[in-house]
Amino acid sequence: MTQAGVRRGTLRAHVPGPWRPEEPHRPGEPRRPGEPLRPAEPSWPGTPLTPDSPFAPPPGQGPLFSPTRVWLDPHAGWKAALYERLLAQRIVLASGLLDDEAAARLSAQLLTLDAEGDQPIRLELQNLRAELPAALTVMGILEVLHVPVHGCVSGQITGPALGVLASCTRRTGYPNASFVLSEPRLEFGGTVTALTAREQQVTRMLDTLYFKLADVTGREVDEIREDARHGRSLTTAQAIGYGLIQAQETGPRPGQAGPR
């Protein structure tokens, strides 16, 4: 028994037809039969990827690519700017390990200041250690400059880096500085002939270093060599007595303004 006036409706679902090459691709729509796979493309804002898309994330996971925010540091170039200000005051800073690259940079700074004026250069040596060839490179540059160079040691200076200090016209140290005479550590390999030639070259470089230290300290080369072999360490006061430096750095007295 049916009720009059009741009309049974039919629910129709829209099923997309087969894909045709002349039809444009619509981002966000499901792939139709025959349509080739496409790489991920930017979709309209708010349009999610369809579940059956090959580029959709697995169920229960977020988007494939989370937004990234990049913060620009306004003080990123502070170190370069500070070094430029020091060079403008004819102050050169050498710290850490002095290798070939650092020696080239330091030599360029010294030669530039030497060409730009006749005022002395202040060379700050902070916790400086050096490879033997790099130290000899800077020593050669310091010996041909036309302007005097004031080398000042802070922290610890060791091994061949003492040759850089010894090549300065004036040499001073801060109260807590330390000076360590030590032999450089060198490692090299090759044939017997190559090792013999390399050993002779290192011996000549060490002689150059020790002769320079002996010249500025007034001591015998053999004494310098023996102290380096035993790793002798000196305080600022002891370095003055040894002859490595000429004086200790002091601040202005109370009520006396410092140099500008």
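The values are calculated or read from the model by the stated rules, or taken from the named source; none is laboratory data. Predicted, not measured: the structure shown is a model, and the values here were computed from it. For neighbour counting, all protein chains shown are included, and Cβ atoms are generated from backbone atoms with ideal geometry for every residue, glycine included. Protein only, heavy atoms only, side chains kept; ligands, DNA and RNA dropped before computing areas. Shrake-Rupley method; radii C 1.70, N 1.55, O 1.52, S 1.80 Å.
Key figures for this structure:
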item: Rg over Rh, two decimals, region 78-136 (C-alpha only, Kirkwood Rh); result: 0.97
item: Other-chain or far-sequence residues with amide H under 5 Å of LEU98's (modelled H); result: ARG129, ALA130, GLU131
item: Estimated FRET transfer efficiency (TYR174, VAL202; beta-carbon r; R0 35 Å; 0.05); result: 0.65
item: Average projection area in nm² (convex hull over Cα atoms of region 104-210, one quarter of hull surface); result: 7.2
item: Simple spin-label estimate for ALA80 and ASP100 in nanometres, 7 Å along Cα-Cβ; result: 2.5
item: Length gained when the stretch GLU143-HIS230 is fully extended (0.36 nm per residue, less Cα-Cα span); result: 28.5 nm
item: Rounded to whole Hz, the Karplus (6.51, -1.76, 1.60) HN-Hα couplings of region 158-169, x for glycine and proline; result: 9, x, x, 4, 5, x, 5, 4, 5, 7, 7, 5
item: For region 235-251 and region 195-222, distance of Cα centres in Å; result: 23
item: Accessible area, probe 1.4 Å, largest first, for residues ASP118, ASP227; result: ASP118, ASP227
item: Residues in region 97-136 reached by a label modelled at PHE211 [backbone nitrogen below 20 Å; 7 Å Cα→Cβ]; result: 132-136
item: Spread of Cα-to-Cα distances over 10 Å intervals beginning at zero, given as percent, for region 137-180; result: 29, 55, 17, 0
